[in-house]
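Heads up, the thing below is written out as structure tokens.
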Amino acid sequence: MKKRIFVTATNTNIGKTYTTLKLLQEYASRGIKVGAIKLIETGVKNGTYPDGDMIFKLLKELNPAFNDLTIHDIVPISYELPAAPYIASNGVSIDFDILNNAIQKIENISDIIIIEGAGGLLVPVDSNFMMVDLISFFNAKALLVTHCSLGCINDTMLSLGLLQNRGIDAMLLFNCRDKDKDFAMLSEPYFINHDINVLKTSDNIDTVCDVLYNL
């Protein structure tokens, strides 16, 4: 089994895909054959995959072997309704054979695979599984992407606590945006005072890649 990194987040629209793209670019710059998969994507309409298309486009630039694949290899399960998979599928159970086969196909042409989740950790995949369950199921290391807006302390600590309670190896990454200029004053001091390393997507992706590769 190749190195597997599962990119999850404190909620939807936090920056999972942006982070996935950054990780792929950084690992590829080191001569590593990269791969990625968006296990489940919702909000797919008229053949357009909001996240999957961006990931697939970059993969074809970084790893020529992906030119022989299709978007369905990158996003093996998709739904039209932009909601949690459990809702979007009308409660249909996830076929884990589909996901396992898709991961294996990508690992055959990659040295490292970035697995991107959907939404946050407690997004229901079906009636039996939450997104957090997939991290352990696929034996991956977790990268928790969080935001830098007011409220990030609560959101971050809840998600970190859940990962720790599940015994999942994880590291934390802050995806700060232009609007988050008050982060250093309103939230960052808490993390620093509690010995939580504040690594940011914009400045520390090389460090993040080093730590994840050695987890």
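Read-outs: derived from the displayed coordinates by stated rules, not from any lab. All figures in this text were calculated on a predicted structure; none of them were measured in a lab. We place every Cβ from the backbone using ideal geometry, glycine too, and count neighbours over all the protein chains shown.
Here are the numbers for the structure shown:
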{"item": "Candidate set from the range 76-91 (those that are in contact (Cβ under 8 Å) with a residue 40 or more places away in the chain and outside any helix (DSSP H, G or I)); member that is nearest to GLY47 (Cα to Cα)", "result": "PRO82"}
{"item": "Selection status of THR19, at negative phi, part of a strand (DSSP E or B) and touching a Leu at 6+ places or on another chain (Cβ under 9 Å)", "result": "no"}
{"item": "Selection within the range 76-93 - surrounded by 14 or more Cβ atoms within 10 Å (Cβ to Cβ) and either among the small types (Gly, Ala, Ser) or more than 24 Å from THR10 (Cα to Cα) (or both)", "result": "SER78, ALA83, ALA84, ALA88, SER89"}
{"item": "Looking only at the range 51-64, and only at residues there that are assigned to a helix (DSSP H, G or I) and of a type in the set (D, E, K, R), the one that is surrounded by the most Cβ atoms within 10 Å (Cβ to Cβ)", "result": "ASP53"}
{"item": "Residue check for ILE37: touching a Lys or Arg at 6+ places or on another chain (Cβ under 6 Å) and either in a helix (DSSP H, G or I) or under 21 Å from PHE137 (Cα atoms) (or both)", "result": "no"}
{"item": "Subset of the range 65-75 (residues that are loosely packed, with under 14 Cβ neighbours inside 10 Å and in a loop (DSSP other than H, G, I, E, B))", "result": "THR70"}
{"item": "Count of residues meeting criterion [of a type in the set (Gly, Ala, Ser) and closer than 23 Å to ARG4 by Cα] in the range 75-102", "result": "2"}
{"item": "Residues (out of contact with any strand residue (DSSP E or B) (no Cβ under 8 Å at 6 or more places or on another chain) and under 23 Å from THR8 (Cβ atoms)) located in the range 45-57", "result": "ASP53, MET54, PHE56, LYS57"}
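One line per residue, one yes/no per condition, for (1) closer than 29 Å to ASP155 by Cβ; (2) among the small types (Gly, Ala, Ser); (3) more than 15 Å from the chain's Cα centre (by Cα):
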{"residue": "ILE14", "(1), (2), (3)": "yes, no, no"}
{"residue": "ILE40", "(1), (2), (3)": "yes, no, no"}
{"residue": "GLY47", "(1), (2), (3)": "no, yes, yes"}
{"residue": "GLY52", "(1), (2), (3)": "yes, yes, no"}
{"residue": "PHE56", "(1), (2), (3)": "no, no, no"}
{"residue": "LEU62", "(1), (2), (3)": "no, no, yes"}
{"residue": "ILE74", "(1), (2), (3)": "yes, no, no"}
{"residue": "ALA84", "(1), (2), (3)": "yes, yes, yes"}
